[in-house]
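Below: one structure in structure tokens.
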Amino acid sequence: MQYKRNQVSKLTGIHIETLRYYESLGLIPSPKRDSNGYKLYTDETIKILIMIKQAKSCGLTLEETKQALSLLSDIDNIDYNIIVEIINQKPNELDKKIEEINRCKSILNKIKNNIDNHVECPLKKSF
């Protein structure tokens with residue numbers, strides 16, 4: 001099946017400008033055009049876009065995603081070690097992000113507790 005850009009956007013939840021951007025980066029193949037000049041995307045492109053979206057949600061950069069997609073496109077010569085290396089880095093990066101988020105939550109909770117307990121801000125006292 002073939003889809004116009006707005007249909008692809010609705011199906012995948014990816015903004016039209018983002019589709020153009022992914023095209024320019026070579027993440028998705030350049031679509032063919034119909035007789036009216038509209039770009040037509042394939043089911044395969046839809047699958048790739050869903051993979052990109054999933055990879056992005058797992059913390060992979062677009063460059064890492066592009067590298068993984070290029071490896072997968074040559075299914076007979078996949079170097080699984082490279083894919084495993086990319087994947088192995090992500091849990092550590094996610095753990096660091098979780099630590100940072102937890103630190104921020106702790107700071108916000110302290111600020112909220114100070115407000116709830118009407119404790120004056122230490123910085124305010126210095127002025």
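What follows is calculated from the coordinates using simple rules that are stated; it is not laboratory data. Since the structure is predicted, the reported quantities are computational estimates derived from the model, not experimental observations. No Cβ is skipped: glycine too gets one built from the backbone with ideal geometry, and neighbour counts run over all protein chains shown.
Which one of Lys105, Lys96, Lys47 has the biggest mean-square fluctuation once the chain is modelled by GNM with Cα springs under 10 Å?
For the chain, modelled as a Gaussian network with Cα springs under 10 Å, the answer is Lys105.
Now for a different question. Less than 21 Å apart at the alpha-carbon level, and either on another chain or at least 8 residues along: which lysines does that give for Lys47?
In chain and number order, the partners are Lys4, Lys10, Lys32, Lys39, Lys56, Lys66.
Moving on to the next point. Using the charge dipole of the chain (Lys, Arg: +1 at Cβ; Asp, Glu: -1 at Cβ; taken about the Cα centre), state which of Leu60, Ile111, Asn88 has its Cα farthest towards the positive end.
Ile111
Oh, and also: Taking only the alpha-carbon positions of the range 1-75 and ignoring solvent, what does the Debye formula give for the base-10 log of I(q)/I(0) at q = 0.12, 0.14, 0.17, 0.26 Å⁻¹?
-0.31, -0.42, -0.61, -1.33
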